[in-house]
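Accompanying notes for the structure given below.
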Amino acid sequence: MSQTTAAPPSAGTRSSEQGTAPAVVPGARAAPASAADRAIKRQRVLDILDAKGADSLLLTTHTALTWYLDGSRMHISLAGDPIAALLVDRRGDHLVTFNNEAGRIAAEELPSGVDLYTVQWYGNLHEAAAAVGRSAGDAAAPLAEGEVAAELRAARQQLLPAESARYGRLGAEVAEIMTDVLSTARPETSELELVSALAARVVAAGAEPLVLLCNGSSRSEFRHPLATQSPLGRRAMAVVCARRDGMVANITRWVRFDAGTAEERDAEARIAAVEADIFDATVPGAQLDRIFAEIKAAYARHGFGAEQWEQHHQGGPAGYAGRDPRVTAAATDTVVLNQAFTWNPSGPGVKIEDTVQLTESGLQVLTADPRWPSTAVNRLQRPVTLEL
């Protein structure tokens, strides 16, 4: 942590109430991070400040914080708000957290070059972070994330080398977990037993299971099936969205205990063809709204009906959020190289989903395990249903 002169601890404990700067925590130890990646991210944020004619920006969401801090964990409850706020200004990066969180963050999460401040556990993080800027003479209030949401999303689209490496490792591990767990499934296995086994493996891998879904053959009509005590029956779907280093890998796999019906096998092939058309449209320079139009056309083209896209969201860019953003007709972001995506076309009783990255050599599937059965679709190996 870089050294900074700040108000004494007694002032810091009352910063959210009196508007004074919170106290600096000395001696923070840098968490593993890529200095090269962090320098690029900081410059991207400074470019946003330049474009807006502003001097500082306050980062307050999990997506922005974990991106900017190279995956540092800024949560306690997965369902809760971040336990820190970050002021980025011309002088540097200033992280404010609660006094009861500062020790762990300093020891295990804080990247080099980020100043750490505390506010009492009952204080207001956002007000305290703004006070850091005022104490340095900033006249204007910092930009809020919402004012530059599109610019921040663009700043994190193109994954940097260290990010890509971390994401690739996570994707491969999650795919291996799916293979290991689903290979042991039996018709009498309950949905909850299956997702419990998946959750245990995800946590053991140092990741956080953000989404765990499963439907057996009696519940195949549900596209977001929270698990129940129902047995898997003759076929089942499992979905995992796992986060590590702030990045989210998304994957869907199917298993069945017979050869499947002709109708099932036909629908599985057709949904893979829809996905292949989406992949073909995911090229540098394409706008998300144009890809969305192609998605709608692909459903009709492959026999699912023109309105099938309305039955479930279709995915979109991935990375530091499950979808960043979900693709709609209103999404006009432009696709760039090294960007990650998770498309998830689905139809009645079928769905296909993997996390991929657009590289100079084309789409690379990150959530791939060579042990899982696959078939070539438009020259890309895509998963098929595992038959046990």
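The values are calculated or read from the model by the stated rules, or taken from the named source; none is laboratory data. As the structure is a prediction and not an experimental result, all values here were calculated from the model. Counting neighbours? That spans all protein chains shown, and the Cβs are built from the backbone with ideal geometry, glycine included. In case anyone asks, the SASA skips ligands and DNA or RNA and just uses the protein heavy atoms, side chains included. Shrake-Rupley method; radii C 1.70, N 1.55, O 1.52, S 1.80 Å.
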_Index of the failed condition, C214 passing every other in (1) open to solvent by 50 Å² or more (accessible area, probe 1.4 Å); (2) assigned to a strand (DSSP E or B)_ = (1)
*Pick out, from region 35-118, the strands (runs of 3 or more DSSP E) lying fully within it that include 3 or more residues that are in contact with a Leu (Cβ under 6 Å, 6 or more places away or on another chain), at pLDDT 95 or above and under 25 Å from E208 (Cα atoms).*
84-89
*Matching residues in region 128-162 - criterion: being among the polar types (S, T, N, Q) and over 18 Å from Y320 (Cβ atoms)*: S135
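Being without any contact (Cβ under 8 Å) to a residue 60 or more places away in the chain and of a type in the set (S, T, N, Q) is true for just one of T60, T66, T97. Which residue is that? Give the steps one after another, and end with the answer.
Working: T60 fails: without any contact (Cβ under 8 Å) to a residue 60 or more places away in the chain; T66 fails: without any contact (Cβ under 8 Å) to a residue 60 or more places away in the chain.
Only one candidate qualifies: T97.
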*Just name the residue that is nearest to N250 (Cα to Cα) out of those in region 306-328 that are under 10 Å from the mean Cα position of the chain (by Cα) and not in a loop (DSSP other than H, G, I, E, B).*
A318
*Consider G137 against the criteria (1) at positive phi; (2) assigned to a helix (DSSP H, G or I): it satisfies all of them except one. Which criterion is unmet?*
(2)
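Please verify whether L143 is aliphatic (A, V, I, L, M) and either under 19 Å from the mean Cα position of the chain (by Cα) or farther than 27 Å from L59 by Cβ (or both), treating the condition exactly as stated. Steps first, please.
Numbers: aliphatic (A, V, I, L, M): yes; either under 19 Å from the mean Cα position of the chain (by Cα) or farther than 27 Å from L59 by Cβ (or both): no.
No.
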*How about region 317-333: which of its residues are aliphatic (A, V, I, L, M) and under 13 Å from R243 (Cβ atoms)?*
A318, A321
*What are the pairs, 6+ residues apart or on separate chains, where a residue within region 208-225 that is over 15 Å from N250 (Cβ atoms) has its Cβ under 6 Å from a residue that is open to solvent by 50 Å² or more (accessible area, probe 1.4 Å)?*
N215/F222; G216/P231; S217/R234
_Out of everything in region 98-116 that is more than 14 Å from M74 (Cβ to Cβ) and in contact with a strand residue (DSSP E or B) (Cβ under 8 Å, 6 or more places away or on another chain), what residue ends up being surrounded by the most Cβ atoms within 10 Å (Cβ to Cβ)?_
D115
*Mind checking whether some residue in region 296-305 is surrounded by 21 or more Cβ atoms within 10 Å (Cβ to Cβ) and part of a helix (DSSP H, G or I)?*
yes
*Taking L226 and the conditions (1) open to solvent by 50 Å² or more (accessible area, probe 1.4 Å); (2) touching a strand residue (DSSP E or B) at 6+ places or on another chain (Cβ under 9 Å); (3) aliphatic (A, V, I, L, M); (4) outside any loop (DSSP other than H, G, I, E, B), which numbered condition does it fall short on, given that it satisfies the others?*
(4)
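Every residue in region 365-374 that is in contact (Cβ under 8 Å) with a residue 12 or more places away in the chain and either surrounded by fewer than 16 Cβ atoms within 10 Å (Cβ to Cβ) or in a loop (DSSP other than H, G, I, E, B) (or both), please.
Let us first name the residues in region 365-374 that are in contact (Cβ under 8 Å) with a residue 12 or more places away in the chain, namely 365-369, 371-373.
L366, T367, A368, D369, R371, W372, P373 - these are the residues of region 365-374 that are in contact (Cβ under 8 Å) with a residue 12 or more places away in the chain and either surrounded by fewer than 16 Cβ atoms within 10 Å (Cβ to Cβ) or in a loop (DSSP other than H, G, I, E, B) (or both).
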*Given V336, V356, V377, which one is of a type in the set (A, V, I, L, M), crowded, with 20+ Cβ neighbours inside 10 Å and modelled with pLDDT of 95 or more?*
V356
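In this structure, is N344 in contact with a Ser or Thr (Cβ under 9 Å, 6 or more places away or on another chain), under 19 Å from N250 (Cα atoms), open to solvent by 20 Å² or more (accessible area, probe 1.4 Å) and in contact (Cβ under 8 Å) with a residue 40 or more places away in the chain? Before you say what the answer is, go through the steps one by one.
Working: in contact with a Ser or Thr (Cβ under 9 Å, 6 or more places away or on another chain): yes; under 19 Å from N250 (Cα atoms): yes; open to solvent by 20 Å² or more (accessible area, probe 1.4 Å): no; in contact (Cβ under 8 Å) with a residue 40 or more places away in the chain: yes.
Against the criterion (in contact with a Ser or Thr (Cβ under 9 Å, 6 or more places away or on another chain), under 19 Å from N250 (Cα atoms), open to solvent by 20 Å² or more (accessible area, probe 1.4 Å) and in contact (Cβ under 8 Å) with a residue 40 or more places away in the chain), N344 does not qualify.
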*asked:* Looking at (1) farther than 28 Å from E176 by Cα; (2) in a loop (DSSP other than H, G, I, E, B); (3) open to solvent by 60 Å² or more (accessible area, probe 1.4 Å), which one does R290 not meet, given that it meets all the others?
replied: (2)
*Checking A331 against (1) open to solvent by 20 Å² or more (accessible area, probe 1.4 Å); (2) more than 26 Å from I177 (Cβ to Cβ); (3) not in a helix (DSSP H, G or I), which single condition isn't satisfied?*
(1)
*Identify, by number, the condition in (1) open to solvent by 30 Å² or more (accessible area, probe 1.4 Å); (2) modelled with pLDDT under 95; (3) over 29 Å from A318 (Cα atoms) that G133 doesn't meet.*
(1)
